[in-house]
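What follows is a short report on a single structure.
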Amino acid sequence: MNTRLPREITIRDWRLPPLPGFWSTLLVLAVLVGVWSGLYTVPSDSVAIVQRFGKYIKEVPPGLHIKVPFGVDLATIIPVKRQLKQEFGFATPGSTDPYQSARDPERETQMVTGDLNSALVEWVVQYRIAEPLKFLFQIRDPRMTLRDVSESVMREVVGDRTVDEVITIGRQEIEVEALARMQALAGKYELGVSIDQVQLKNVNPPRPVQASFNEVNQAQQEKEKLINEARREYNKVIPLAEGERDQRIREAEGYRLKRVNEAEGDVARFSAVLAEYLKAPEVTKRRIYLETLQQVLPMLRSKIILDEEGRQILPLLQLDSEKAGKP
């Protein structure tokens with residue numbers, strides 16, 4: 001039996017089979033991949049920072065743009081017109097920003113006040129990316145740094161106040177002071193962000209004493225309610241009484257002026273009559289007599305004028321007309 005070993009195959013004997021469509025297909029795929037990786041869109045509320053091999057090239061406005069494909073250029077989208085926020089002590093369900101909520105909310109809320117009491121503080125920091133270059137290149141992790149700055153400032157501000165101020169009357173002051181300090185530190189660290197607002201959400205005492213604090217708050221609210229009701233009654237009664245008082249005073253003032261004017265008029269009239277009397281006493285007496293009769297006589301029902309010498313006629317008159325008509 002004749003067996004022949006196969007001839008040894010060398011590299012020189014290998015040849016690529018002729019595939020006319022292979023190279024064209026590969027070229028088309030390369031073009032498609034290049035176009036797909038070279039085109040990018042910047043949203044209307046953002047800008048893009050373009051880097052070539054890691055080096056900053058330019059800042060691109062919103063719209064459709066082209067870059068060098070295959071990973072040569074890298075475009076990072078920065079939402080400069082969008083207001084972002086970070087939550088401390090709680091988490092909003094469904095948030096896509098990994099830096100928005102805390103990994104350990106319970107630890108963040110526990111704070112010590114200035115009178116060595118503890119409080120559970122929840123707050124929100126709203127900010128915008130104002131300088132994209134500093135935000136990307138100045139700090140390694142600016143969002144996490146902002147969280148650390150916010151927590152540090154809030155603990156410092158809360159630690160300067162008593163627990164009653166933190167829970168009740170000092171909330172607005174805490175927000176204003178914390179905002180000013182966070183803005184100063186953000187500028188000092190060159191985070192590239194602008195902090196717009198710091199808002200306290202829930203400020204509660206520790207859980208073992210929450211029931212007692214709630215009772216105190218309820219009592220405080222009840223006191224304020226009673227005070228407001230008393231003020232309402234005061235505003236309803238007192239202005240009315242003051243109005244009546246002013247009306248009585250004006251009436252009395254008017255009556256006083258009337259009486260004074262009448263008295264002054266009587267005095268002036270008497271003085272005028274006295275002057276005339278001193279000039280002609282008899283004439284003045286008769287004039288006064290006649291004027292008095294002129295005022296008195298119209299008020300009489302019947303008038304009988306008798307002569308001084310006619311003394312016998314009076315018994316003959318029927319003075320009572322009603323009795324005169326009877327038999």
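Summary table
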{"quantity": "Relative exposure of Met144, Met154, Met299, Met182, judged by other C-beta atoms within 10 Å (fewest first)", "calculated": "Met299, Met144, Met182, Met154"}
{"quantity": "Residue order, fewest to most beta carbons within 10 Å, for Ile139, Ile288, Ile167, Ile249", "calculated": "Ile249, Ile288, Ile139, Ile167"}
{"quantity": "Whole-angstrom gap from segment 176-204 to segment 249-300, using each part's C-alpha centre", "calculated": "87 Å"}
{"quantity": "Förster-model FRET efficiency, 45 Å R0, Gln83 and Ile238, C-beta, rounded to 0.05", "calculated": "0.40"}
{"quantity": "For Ile169, Ile129, Ile57, order by how many other beta-carbon atoms lie within 10 Å, fewest first", "calculated": "Ile169, Ile57, Ile129"}
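No value in this document is a laboratory result; all are computed from the given coordinates. Since the structure is predicted, the reported quantities are computational estimates derived from the model, not experimental observations. Heads up, the Cβs are rebuilt from the backbone with ideal geometry, glycines too, and the neighbour counts pull from every protein chain shown.
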